Amino acid sequence: MLTPFQSRAERALTETPFFGELGRESLRDVQRTSVRRGDLLFAKGDASDHLFALVSGQVKLFSTPAPGREMSLEIIAPGELVGELGIVDATPRHASVGALAHSELATIGRHALEALLERRPELHASLSRATTRSAARLAERAEDVAFLNIERRLEKTLADLAGRFGEAVERGTRIRLRQQDLADVLGVSRESVSRALAGPSFCQRLELGRGSITLLRE
């Protein structure tokens, strides 16, 4: 019998690579972990000893290229994997993951994962596809930073976030995200994001709230 958390994870991760293919018997290997807003799940350089999937909440993948400077590489939504790159090639964590909100994650340790893959080798392909997609998203983000201006990056990022974890509300789609967190994803200052959001490209298409941005219906 599954624990209450394992049952929640089963429902939440139906479409998640690898976790969504485990089945009830293999879900017994899955454990629960939680992090509060501001907490680290793991830091760059840590051993890649667990694979995670976000069940609820919001976390970010980030690096610190210089002391006091932080760059968000990805915001991770419920139903998405966390830490898959290092777990596949057995390398230390290439970036840190911290919580943007209280978050609950399903996790499976390396030894349990290796035993599971030995019993069910078809899961290797699912995990490999997931890591390929993650690497491609990070490469695309790096290209965007290099070649697109802030307005185009902002438009693209808002559309991506709305599609992945936007909430349908009466006036459009609401994204629960602070402007500072959005600025970190774009690699610019909060002031630059505020100016862009107030500019002609966005001011009539968005509604700014406390800790949220709503993309208005046209």
Within the set of pairs 6 or more residues apart or between chains, which connect a residue that is without any contact (Cβ under 8 Å) to a residue 40 or more places away in the chain inside segment 22-44 to a residue that is in a helix (DSSP H, G or I) and of a type in the set (F, W, Y) with Cβ atoms less than 9 Å apart? L27/F19
Consider segment 77-103. How many of its residues are open to solvent by 40 Å² or more (accessible area, probe 1.4 Å), in contact with a Leu (Cβ under 9 Å, 6 or more places away or on another chain) and among the aliphatic types (A, V, I, L, M)? 2
The correct count of residues that are in contact with a helix residue (DSSP H, G or I) (Cβ under 8 Å, 6 or more places away or on another chain) and either acidic (D, E) or open to solvent by less than 10 Å² (accessible area, probe 1.4 Å) (or both) in segment 7-18 is 4
Name the single residue that is surrounded by the most Cβ atoms within 10 Å (Cβ to Cβ) among those in segment 187-218 being assigned to a loop (DSSP other than H, G, I, E, B) and out of contact with any helix residue (DSSP H, G or I) (no Cβ under 8 Å at 6 or more places or on another chain). R205
Select the strands (runs of 3 or more DSSP E) contained entirely in segment 92-186, then report the ones holding at least 1 residues which are touching a residue at least 24 places away in the same chain (Cβ under 8 Å) and among the small types (G, A, S). 96-99, 103-109, 172-176
Check R152 against each of (1) modelled with pLDDT of 90 or more; (2) open to solvent by less than 70 Å² (accessible area, probe 1.4 Å) and name the one condition it does not meet. (2)
Tally up the residues in segment 104-124 that are open to solvent by 10 Å² or more (accessible area, probe 1.4 Å), within 18 Å of L13 (Cβ to Cβ) and among the aliphatic types (A, V, I, L, M), please. 2
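The values are calculated or read from the model by the stated rules, or taken from the named source; none is laboratory data. Quick caveat, the model's predicted, so the values are computed rather than measured. In this analysis, Cβ positions are derived from the backbone assuming ideal geometry, glycine residues included, and neighbour counts consider all displayed protein chains. All accessible areas refer to the heavy atoms of the entire protein, side chains included, with ligands and DNA or RNA removed. Shrake-Rupley method; radii C 1.70, N 1.55, O 1.52, S 1.80 Å.
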